[in-house]
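These notes are about the structure you will find just below.
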Amino acid sequence: MPKIGEILSNEVLQDSYYKIEFYTPEICKKTQPGQFVHIQIAGLKERILRRPFSICNVTEDGVLTIAYKVVGNGTEALSKLKAGEVCDILGPLGVPFTLPKEDEIPVIVGGGYGSAATYILASRSANKGVLLLGARSKTDLILTDEFEKIGFDVRTATEDGSSGIKALVTELIKPVIDENPGKKLRFYGCGPTGMLMAMGMILTKEEIETELSLDELMCCGIGACFACVVKVKADNEDGWRYARTCKEGPVFNANDVYYG
Ligand SMILES: Cc1cc2nc3c(=O)[nH]c(=O)nc-3n(C[C@H](O)[C@H](O)[C@H](O)COP(=O)(O)OP(=O)(O)OC[C@H]3O[C@@H](n4cnc5c(N)ncnc54)[C@H](O)[C@@H]3O)c2cc1C
Ligand code: FES
């Protein structure tokens, strides 16, 4: 029997993206779509902070999967860990996505690791919908086959035109709305802040139900340090207040986000 937090596998997914599997039965049982874990990366001595990662998948026998990109010291150290090593993992943390209702078609808009953060949502949705995935280049589009396998229509946009249309992923939103007159769509977003803000503004104007996962830089991950704040609407003189994404998010209703 593996130890709690033990790495079962850690492999290159594509380019600088990796897929890591941990044994965490208790976290797996409680995980809801869009939640994240906060990982103390084993052997990372110079920086004691945990790193947050969205939970990409969980199984009934306790295997938790994360898809991550190597961007700095922490993720570099994570990519070097081998099966059998153990990490201390906190979770599941954060406010989850709401599953689509029976009469709603889910439309997921993702950038970067956004497809990893929304895979559980897609697999648990009774209705299969559309994944709109954007990136700089084809090598940054991950998990497209996995979404297709579970019945999602995958459409891509890249800045260099190497996959799908040569444009920002937000350009793919309007066509989906136009193709579905009279049908109820529910949008979900996870990706860079600029993409989420643009998406939130388009969809709140269209009055379409939308949830956004605002993944800010985090320190404590449990609501104690205010490192992760974003502006949300508030009934005060300024019209906004700070909300901690680790505690009140990362998932927010697009109507609550302050776009000023
Ligand atoms: C709720 C949440 C879920 C996340 N899920 C995933 C995931 O599933 N897969 C994945 O690859 N990454 C995910 N991230 C981002 C991941 O936490 C960071 O990439 C990681 O902490 C970077 O650590 P590092 O030590 O390698 O890099 P650092 O040395 O700390 O930073 C390297 C570079 O990455 C940037 N960076 C760090 N954190 C973020 C962030 N949150 N958003 C944008 N840029 C960032 C820094 O500004 C810097 O430019 C998530 C972040 C949050 C808050
Ligand atoms: S990371 Fe400390 S309050 Fe959110």
Out of Gly221, Gly200, Gly189, report the one residue that is within 16 Å of ligand 2 (Cβ to nearest atom) and within 16 Å of the chain's Cα centre (by Cα). Gly221
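What are the residues in the stretch 124-154 that are of a type in the set (A, V, I, L, M, F, W, C) and either outside the structural domain of Gly164 (by TED's automatic domain parsing) or under 15 Å from the mean Cα position of the chain (by Cα) (or both), if any?
Passing the criteria: Leu131, Leu132, Leu133, Ala135, Leu141, Ile142, Leu143, Phe147.
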Subset of the stretch 130-151 [surrounded by fewer than 23 Cβ atoms within 10 Å (Cβ to Cβ) and assigned to a loop (DSSP other than H, G, I, E, B)]: Arg136, Ser137, Ile150, Gly151
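So, restricting to strands (runs of 3 or more DSSP E) that lie completely within the stretch 1-98, which ones have at least 2 residues that are surrounded by fewer than 18 Cβ atoms within 10 Å (Cβ to Cβ) and either over 19 Å from the mean Cα position of the chain (by Cα) or without any contact (Cβ under 8 Å) to a residue 40 or more places away in the chain (or both)?
Details: elements: 6-14, 17-23, 36-40, 51-54, 63-69, 88-93.
Answer list for the stretch 1-98: 6-14.
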Report whether or not Glu11 is more than 10 Å from ligand 1 (Cβ to nearest atom), of a type in the set (Asp, Glu) and in contact with a strand residue (DSSP E or B) (Cβ under 7 Å, 6 or more places away or on another chain). yes
Flag for Leu217 being more than 14 Å from ligand 1 (Cβ to nearest atom) and outside any helix (DSSP H, G or I): no
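The values are calculated or read from the model by the stated rules, or taken from the named source; none is laboratory data. If you're wondering where the values come from, they're calculated on a predicted model, not measured in any experiment. Quick reminder, even Gly has a Cβ in these numbers, built from the backbone with ideal geometry, and neighbours come from all protein chains shown.
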